[in-house]
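The values are calculated or read from the model by the stated rules, or taken from the named source; none is laboratory data. Computed from a predicted model, the values in this text were never measured in an experiment. Reconstructed Cβ throughout: ideal geometry from the backbone, glycine too, with neighbour counts over all protein chains shown.
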């Protein structure tokens, strides 16, 4: 990898980090980003945790998060992969420690995770009524295994700066499929995958009015049609047209671009 100064280049260079060691998942992410169409003045570099690094092929619990953090951080330091990029996106839908670790060691880099980026992208999309202090709907997350319900719920409150025991007027909760991230890449019969994702989405929609459904796993990229079909079945086609189905990966690319631009606009000395 070239180590030219980012300021000497005419385009943004973003490192998309898959912190697990599944190349299949990285390829799926790459296809999802490509589906966004031509990205003006943007160069995306895909990264997968090395198979020999000790990072798991699927991140399903706290131990997997820790293992992936240690493995990827060690490799990024050894390869100096962060030296020639403008921004880093951690493509694991979790409160992943790599975000804070990279930010603290490379303060001039824009860095976020797809979890944090999805919240940043969602909040402006909620439909306000009257004074703007309330929303006609809310938002929630559809994710993989049961572990993520508690992990992501706590992470949402931490991200929003609210107490975990205090209800949020807009956040509807986290609803799991009972699957692992790897199951979304050919490890399950398609009809079973559809059924599990439909059930989780239905539970979210029945929890209250919903403006935005967040796909809480990078491995879900490309499965919007299943969620959209469920929204139509629950809400009717007309109402469903106003519901966003947000892929954290693609939202992350958009948010990270904005972070790089805002650093250059508003951060003194950048």
Any hit, segment 122-142, residues being out of contact with any strand residue (DSSP E or B) (no Cβ under 9 Å at 6 or more places or on another chain) and modelled with pLDDT of 90 or more: yes
Among the residues listed as 48, 57, the single one being surrounded by fewer than 24 Cβ atoms within 10 Å (Cβ to Cβ) and more than 17 Å from the chain's Cα centre (by Cα): 57
In the set 34, 62, 84, which member is modelled with pLDDT of 95 or more and outside the structural domain of residue 151 (by TED's automatic domain parsing)? 62
Among the numbered criteria (1) out of contact with any strand residue (DSSP E or B) (no Cβ under 9 Å at 6 or more places or on another chain); (2) modelled with pLDDT of 90 or more, which single criterion is violated by residue 165? (2)
Considering every residue within segment 56-67, establish whether at least one is touching a helix residue (DSSP H, G or I) at 6+ places or on another chain (Cβ under 6 Å) and outside any loop (DSSP other than H, G, I, E, B). no
Which of the residues that make up segment 77-105 are without any contact (Cβ under 8 Å) to a residue 40 or more places away in the chain and touching a strand residue (DSSP E or B) at 6+ places or on another chain (Cβ under 8 Å)? 99, 102, 103
Where in segment 168-270 are the helices (runs of 4 or more DSSP H), entirely inside, with at least 2 residues that are in contact (Cβ under 8 Å) with a residue 40 or more places away in the chain? 190-205, 248-266
Criterion first (at positive phi and modelled with pLDDT under 95) does residue 186 satisfy it? yes
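To keep it simple, each residue is scored yes or no on (1) in a loop (DSSP other than H, G, I, E, B); (2) over 30 Å from residue 192 (Cα atoms); (3) outside the structural domain of residue 22 (by TED's automatic domain parsing).
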| position | (1), (2), (3) |
| --- | --- |
| 78 | no, yes, no |
| 93 | yes, no, no |
| 102 | no, yes, no |
| 145 | yes, no, yes |
| 165 | yes, yes, yes |
Just the residues that are at pLDDT 90 or above and farther than 17 Å from residue 258 by Cα, please, taken from segment 1-23. 17, 18, 19, 20, 21, 22, 23
Out of the residues in segment 104-119 that are surrounded by 18 or more Cβ atoms within 10 Å (Cβ to Cβ) and part of a helix (DSSP H, G or I), which is nearest to the chain's Cα centre (by Cα)? 114
